[in-house]
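S.K.: Sharing a structure with you now.
Each value in this text was obtained by applying a stated rule to the coordinates, not by laboratory testing. Small disclaimer: the values here were computed from a predicted structure and weren't measured. Don't worry about glycine lacking a Cβ; one is built from the backbone with ideal geometry, like all the others, and counts go over all protein chains shown.
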Amino acid sequence: MMNQEKLKLKTDAVIDHYIKRLDQYTFEQLVQKPSEDSWSLGQVYIHLWMSSKGFFFKNAEKCLSETDAVKGKGKNWQGYLVFLFGRMPEVKVKMPTKIAVEPKQPESKEQLIAKLEEVKSLADQYIAKIPTSDPNQKTKHPFLGYLNCADWVALCNMHFKHHEAQIGRINRALFNR
């Protein structure tokens, strides 16, 4: 299991990196899409905020409150590998249709910064609760098996890193970066 302070530092660093990266773009560039069926950079940011709040932290909360959480279940082999290597596979993942949501375009750079600061604040709150959480209280991830509160927070961090490849593809397609 990851040390609480280390997880906080890693999470703050990855989110701060996303915030700093916004300086490189005009708002018009943030909403530009490489193709009709791909996302803009701004939509990637909105997706990270939506999934952090509505998926990762919602499940962490279920583990803490023991609502819809179970004991005696664990990660599947994919889950063990993701946590062993501390990263999600660098492949495009098509979310199941019933949970897939196309992120809206952002309203402004300031909105993106505020949403990322909100994720950082929520992450800090959940990280602070990890020491008193029951590591055996888990909820099911659609691909990785059953995860506890600490796993969900760590996976949120990995999710930000996972989207670096997508940001790279968008940058190359639109700006030759």
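S.K.: To two decimal places, what compactness ratio does the chain give when its Cα radius of gyration is scaled by 2.2 N^0.38 Å? Working shown, then result.
M.R.: On the way: Rg = 16.4 Å, N = 177, 2.2 N^0.38 = 15.7 Å.
After normalising by residue count via 2.2 N^0.38 Å, the value is 1.04.
S.K.: Pull out a ≥ b ≥ c, the square roots of the eigenvalues of the alpha-carbon gyration tensor of the stretch 37-85, then state rounded if a/c is under 1.5, prolate if not and a/b is larger than b/c, and oblate in the remaining case. Present the calculation step by step, with values, prior to reporting the outcome.
M.R.: Working: a/c = 3.48, a/b = 1.53, b/c = 2.27.
In terms of gyration-tensor shape, oblate.
S.K.: Here's a follow-up. Find how many whole Å separate the alpha carbon centroid of the stretch 125-139 from the alpha carbon centroid of the stretch 29-70.
M.R.: Distance between centres, Cα-based: 20 Å.
S.K.: Check H141: other-chain or 5+ apart residues with amide H under 5 Å from its amide H, H built from backbone geometry?
M.R.: Residues meeting the criterion, in which the H sits 1.01 Å from N, are Y146, L147.
S.K.: Summing Lys, Arg as +1 and Asp, Glu as -1, what charge do residues with Cβ under 13 Å from the Cβ of K53 carry, K53 excluded? It would help to have the intermediate numbers written out before the result.
M.R.: Working: positive: K58, K115, K120; negative: E61, E117, E118.
Net of charged neighbours comes to 0.
S.K.: A further question follows. Going by alpha carbons, how many degrees (0 to 90, nearest 10) lie between the helix axis of 109-129 and the longest principal axis of the chain?
M.R.: 10
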